[in-house]
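The block underneath contains the structure these notes are about, expressed in structure tokens.
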Amino acid sequence: MAGTDSHTTMIDGLGVAGWGVGGIEAEAAMLGQPMSMVLPGVVGFKLLGKLRDGVTTTDLVLIVTQMLRKHGVVGKFVDFYGGDNKENHFPFRKH
């Protein structure tokens with residue numbers, strides 16, 4: 001999906017790839033012009049277990065970000081996966 005709103009990329013959380021584009025690109029697409037883009041690579045990140053007491057999801061995000069930066073992950077999609085862990089009750093997690 002392509003959109004001109006700054007929240008366009010939030011659709012990614014639903015499993016739909018969303019790109020923010022400029023007004024000229026959006027107008028051209030509405031008039032039937034093809035839109036080309038380079039798709040980034042995908043890196044898998046396996047999540048297992050549960051957070052210890054006192055550890056927040058913010059702590060988890062900061063550590064994961066640090067790990068990805070250490071491995072040079074820039075300009076890529078990160079696909080988080082793992083077992084069907086009922087212990088993680090993140091508000092956005094599918095059940």
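The values are calculated or read from the model by the stated rules, or taken from the named source; none is laboratory data. Keep in mind it's a predicted model, so treat the numbers as computed, not measured. Neighbour counts are summed over all protein chains in view; Cβ atoms, including those assigned to glycine, are modelled from backbone coordinates with ideal geometry. Ligands, DNA and RNA are stripped out before the accessible areas are found, and what is left, the full protein with its side chains, is counted by its heavy atoms. Shrake-Rupley method; radii C 1.70, N 1.55, O 1.52, S 1.80 Å.
Looking only at the stretch 83-92, decide whether some residue is at pLDDT 90 or above, on the phi < 0 side of the Ramachandran plot and open to solvent by less than 90 Å² (accessible area, probe 1.4 Å).
No.
Could you tell me which of the residues VAL64, VAL78 is assigned to a strand (DSSP E or B) and open to solvent by less than 100 Å² (accessible area, probe 1.4 Å)?
From the options VAL64, VAL78, the qualifying one is VAL78.
Filter the stretch 1-46 down to residues that are of a type in the set (Asp, Glu) and more than 27 Å from GLY72 (Cβ to Cβ) and give me whichever is surrounded by the most Cβ atoms within 10 Å (Cβ to Cβ).
Residue satisfying both the conditions and the ranking: GLU25.
May I ask you to say which residue of THR65, THR8, THR56 is at pLDDT 80 or above, within 16 Å of the chain's Cα centre (by Cα) and polar (S, T, N, Q)?
Just a single option satisfies the conditions, and that option is THR65.
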